[in-house]
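Encoded as structure tokens, the structure appears first; notes follow it.
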């Protein structure tokens, strides 16, 4: 049965939150605030928080800087995952992924369908890994952020969650970057 193994110690992660919006500021950023509250309640550390406009270059620049920051374990974006002309978060972030996390998109779709029915098809939520940093791109609604955190991320970002979680493999995400080529390797 999946669940929390109380014999394991909680490991707080450092999480950065980026809101992608042309209209939001920190004072009225409900989606970002929803994530911040949940991150802190779970016992994690909010490493940084920011807001950028729906601009591929600006989104990519901020996410890339956080990926390169060895202090940050996880980046969560909110906004820009729909189908309108200004929704460009997946286009900005996915090229940064070393590995795409297709299972997250599917899991988020399943969670969303239970809440909003077939309207869930309108999301392009995505996730991946880059330079030993997990990246999750969520829709811009507070409800979607709540659902993604409460139903998926709170579990997968908790070292105590069994049978497996993202935290326990975090130290191995960049092993391909640290491992020297094998003798005789041609690649």
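Rule-based calculations on the coordinates, nothing more; no lab input. None of the values given here were measured: they were computed from a predicted structure. Here the Cβ positions follow ideal geometry from the backbone for every residue, glycine too, while neighbour counts run over all protein chains shown.
At a glance:
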| read-out | value |
| --- | --- |
| Net length gained if the chain between residue 58 and residue 150 were fully extended (0.36 nm per residue, minus Cα distance) | 30.3 nm |
| Relative contact order [Cα under 8 Å, 6+ residues apart], the chain, whole percent | 26 |
| Globularity ratio of the stretch 1-52, using Cα Rg and 2.2 N^0.38 Å | 1.43 |
| Gaussian network model of the chain, Cα within-10 Å springs - most flexible of 139, 95, 163 | 163 |
| Highest-fluctuation residue, 71, 83, 108 considered, GNM on the chain with Cα pairs under 10 Å | 83 |
| Pairwise Cα inverse-distance average, inverted: Kirkwood Rh of the chain (Å) | 17.0 |
| Computed [θ] at 222 nm, deg cm²/dmol, the chain (DSSP H ≥ 4; -39,500 (n - 2.57); rounded to nearest 500) | -9000 deg cm²/dmol |
| Sorted peptide list for 151-159, 36-44, 119-127, criterion being average Cβ within 10 angstrom, highest first | 151-159, 119-127, 36-44 |
| 67, 135 arranged by Cβ crowding within 10 Å, fewest neighbours leading | 67, 135 |
| Added length on full extension, which subtracts the Cα-Cα distance from 0.36 nm per residue, residue 7 to residue 124 | 38.4 nm |
